[in-house]
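A.B. asks: Supplied in structure tokens, the structure appears directly below.
The values are calculated or read from the model by the stated rules, or taken from the named source; none is laboratory data. Small disclaimer: the values here were computed from a predicted structure and weren't measured. Note that we place each Cβ from the backbone using ideal geometry, even for glycine, and neighbour counts take in every protein chain shown. Accessible surface is based on the protein model in full, side chains and every heavy atom, while ligands, DNA and RNA are left aside. Shrake-Rupley method; radii C 1.70, N 1.55, O 1.52, S 1.80 Å.
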Amino acid sequence: MPANASKRVVVTGVGATTPLGGDVPSTWEALLAGRSGARPLTADWVTEYDLPVTFAATLAEPVAGKLTKIEMRRQDPCAQYAVVAAREAWADAGTPAVEPERLAVAIGTGVGGVHTLIDQWEILRTKGPRRIFPLAVPMLLVNSPTAMVSLELDARAGGHTPVSACASGAEGIAMGLQLIREGRADVVVAGGTEAAIHPLPIGGFAAMQALSTRNDAPEQASRPYDVGRDGFVIAEGAAVVVLESYESAKARGATIYAELVSAGVSTDAHHVAAPEPEGVGAAAAMTQALQTGDLSPADVVHLNAHATSTPVGDIAECKAIHAALGAQATSVAVSATKSMTGHLLGAAGSLEAIFTVLALRDGIAPAQINLDDKDPAIDLDVVAGESRRLPDGDIVALDNSFGFGGHNVALAFRRCS
């Protein structure tokens with residue numbers, strides 16, 4: 001099938017397992033209620049390794065009750081979370097009747113199967129190579145979540161795994177849009193997953209001074225735009241959407257959450273970890289999303305910001321928003337939902353994409369928490385205190401996601417009447 005850049009692509013299903021809830025409805029409810037998913041870590045390894053950070057945003061509900069014992073044994077947590085989210089999204093979409101050859105999967109991750117990798121290394125070290133689990137390699141590979149979801153749904157139109165750090169989940173959705181418009185698939189299950197609450201990633205992020213160290217007050221630790229912000233809160237989970245053409249969704253009477261109008265992807269080429277300080281690359285992604293979607297800054301009324309709660313990153317994104325939206329930048333209702341969810345790394349962008357489409361559906365921009373003293377350098381209309389009503393009509397919202405290495409993704413959604 002030839003590419004069709006004008007083909008309308010819509011979201012017809014959503015699924016997630018997060019620090020706020022075991023599914024999308026409970027997560028959205030907790031988000032609007034302003035609850036934090038950050039909590040003290042209770043695993044023995046926290047004290048064993050004397051970690052400087054002793055809290056994280058762990059899953060609100062374990063996935064063990066949603067998977068068989070065999071699935072739990074043969075899948076790294078990274079894949080487990082993706083399967084749980086994909087099942088919810090697929091059921092929510094009404095289990096579309098699509099030929100396997102027209103169904104694709106695009107699920108990104110930043111870290112992949114770190115639990116399997118380190119656990120099996122310990123087995124090798126202490127018990128020898130004969131005790132390594134036979135499925136260790138497919139479990140630790142970063143494509144494992146995509147592979148498991150493809151097997152689950154019998155998806156044969158392609159399985160893709162964008163690995164772009166904290167932009168991975170958003171890039172998975174951008175890839176889904178591309179697959180449908182290029183005629184390579186009719187339906188795409190897209191999103192991101194991460195299971196990196198483990199001593200190695202936590203120790204590594206702490207060594208970079210990227211994590212908040214508010215061990216005595218975890219729920220107050222993630223505070224984007226606040227003058228007291230001191231780093232992000234590491235989180236885990238997965239978030240997946242079902243994408244399909246507007247014509248297909250209407251023909252089968254599917255519920256449409258929103259239209260995925262366009263996506264912008266760029267790279268800073270600046271530093272392996274630090275964002276480009278003026279937000280040039282991030283602005284380019286946002287501008288590309290607007291231009292390819294035939295949108296203007298004036299069309300945008302809401303933005304779910306990347307807003308990780310790092311001193312440098314929040315400022316760079318603020319500058320990027322001004323560069324991309326111009327005079328409109330101070331009129332857009334900006335939500336910083338990581339204040340509640342923590343930072344799901346490779347799943348952050350897809351979870352925040354779900355928040356963006358739900359904001360359009362319900363006409364409400366979620367309010368962030370922990371904004372006690374707003375940084376005067378953040379000249380944005382940040383929604384805080386109480387959630388805010390959004391205008392009626394076919395309004396547009398953006399979802400920003402940026403990752404280590406300078407990866408930038410912006411997704412543009414429109415309410416679909």
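A.B. asks: Determine, yes or no, whether Gly21 is more than 20 Å from Pro199 (Cβ to Cβ) and open to solvent by less than 60 Å² (accessible area, probe 1.4 Å).
C.D. replies: yes
A.B. asks: Regarding the stretch 299-321, can at least one residue be identified that is farther than 28 Å from Ala79 by Cβ, without any contact (Cβ under 8 Å) to a residue 40 or more places away in the chain and not basic (Lys, Arg)?
C.D. replies: yes
A.B. asks: Can we say Ala82 is touching a residue at least 12 places away in the same chain (Cβ under 8 Å), buried (at least 19 other Cβ atoms within 10 Å of the Cβ) and under 27 Å from Ala155 (Cα atoms)?
C.D. replies: It is true that Ala82 is touching a residue at least 12 places away in the same chain (Cβ under 8 Å), buried (at least 19 other Cβ atoms within 10 Å of the Cβ) and under 27 Å from Ala155 (Cα atoms).
A.B. asks: If you check Ala93 against the conditions, is it under 27 Å from Thr213 (Cα atoms) and either in contact with a Pro (Cβ under 6 Å, 6 or more places away or on another chain) or crowded, with 24+ Cβ neighbours inside 10 Å (or both)?
C.D. replies: In short, no.
A.B. asks: Among the helices (runs of 4 or more DSSP H) confined wholly to the stretch 198-296, which include 1 or more residues that are at pLDDT 95 or above and within 18 Å of Ala165 (Cα to Cα)?
C.D. replies: Per the criteria, 199-207, 280-292.
A.B. asks: Name every residue in the stretch 27-36 that is open to solvent by 30 Å² or more (accessible area, probe 1.4 Å) and either free of Cβ contacts under 8 Å to residues at least 12 places away in the same chain or not in a loop (DSSP other than H, G, I, E, B) (or both), in order of residue number.
C.D. replies: Listed by number, the residues that qualify are Glu29, Leu32, Ala33.
A.B. asks: May I pose another question? Which one of these is more than 24 Å from Thr17 (Cα to Cα) and either open to solvent by 10 Å² or more (accessible area, probe 1.4 Å) or not charged (D, E, K, R) (or both): Ala412, Ala365, Ala384?
C.D. replies: Ala384
A.B. asks: Turning to a different aspect of this structure: Of the conditions (1) out of contact with any Pro (no Cβ under 8 Å at 6 or more places or on another chain); (2) farther than 30 Å from Ser248 by Cβ; (3) open to solvent by 20 Å² or more (accessible area, probe 1.4 Å), Arg39 fails just one. Which one is it?
C.D. replies: Looking at each condition in turn, Arg39 falls short on (1).
Residues checked against (1) assigned to a strand (DSSP E or B); (2) among the aromatic types (Phe, Trp, Tyr); (3) within 20 Å of Gly22 (Cβ to Cβ):
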{"residue": "His322", "(1), (2), (3)": "no, no, no"}
{"residue": "Ala353", "(1), (2), (3)": "no, no, yes"}
{"residue": "Ala377", "(1), (2), (3)": "no, no, no"}
{"residue": "Gly393", "(1), (2), (3)": "no, no, no"}
{"residue": "Ala397", "(1), (2), (3)": "yes, no, no"}
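A.B. asks: Also: Does Val53 meet the test of being open to solvent by less than 50 Å² (accessible area, probe 1.4 Å) and either within 18 Å of the chain's Cα centre (by Cα) or farther than 13 Å from His198 by Cα (or both)?
C.D. replies: It is false that Val53 is open to solvent by less than 50 Å² (accessible area, probe 1.4 Å) and either within 18 Å of the chain's Cα centre (by Cα) or farther than 13 Å from His198 by Cα (or both).
A.B. asks: Here is a follow-up. Can you go through Ser266, Ser222, Ser296 and tell me which one is among the hydroxyl-bearing types (Ser, Thr, Tyr), over 29 Å from Ser150 (Cβ atoms) and either crowded, with 23+ Cβ neighbours inside 10 Å or within 22 Å of the chain's Cα centre (by Cα) (or both)?
C.D. replies: Result of the check over Ser266, Ser222, Ser296: Ser222.
A.B. asks: Of everything in the stretch 227-276, what is more than 28 Å from Ala16 (Cα to Cα) and touching a Lys or Arg at 6+ places or on another chain (Cβ under 8 Å)? Give them in sequence order.
C.D. replies: Val227, the sole residue that qualifies.
A.B. asks: Do we have any residue at all in the stretch 2-18 that's modelled with pLDDT of 95 or more, under 18 Å from the mean Cα position of the chain (by Cα) and part of a loop (DSSP other than H, G, I, E, B)?
C.D. replies: Among the residues of the stretch 2-18, at least one is modelled with pLDDT of 95 or more, under 18 Å from the mean Cα position of the chain (by Cα) and part of a loop (DSSP other than H, G, I, E, B), which makes the answer yes.
A.B. asks: Scan the stretch 233-256 for residues that are in contact with a Ser or Thr (Cβ under 7 Å, 6 or more places away or on another chain), open to solvent by 10 Å² or more (accessible area, probe 1.4 Å) and not polar (S, T, N, Q) and report the count.
C.D. replies: 3
A.B. asks: Checking the conditions here, which among Glu29, Glu61 is touching a Gly at 6+ places or on another chain (Cβ under 6 Å) and not hydroxyl-bearing (Ser, Thr, Tyr)?
C.D. replies: Among Glu29, Glu61, only Glu61 is touching a Gly at 6+ places or on another chain (Cβ under 6 Å) and not hydroxyl-bearing (Ser, Thr, Tyr).
A.B. asks: What helices (runs of 4 or more DSSP H), lying completely within the stretch 103-186, carry at least 2 residues that are buried (at least 24 other Cβ atoms within 10 Å of the Cβ) and touching a strand residue (DSSP E or B) at 6+ places or on another chain (Cβ under 8 Å)?
C.D. replies: Of the helices (runs of 4 or more DSSP H) lying wholly inside the stretch 103-186, those with at least 2 residues that are buried (at least 24 other Cβ atoms within 10 Å of the Cβ) and touching a strand residue (DSSP E or B) at 6+ places or on another chain (Cβ under 8 Å) span 144-153, 168-181.
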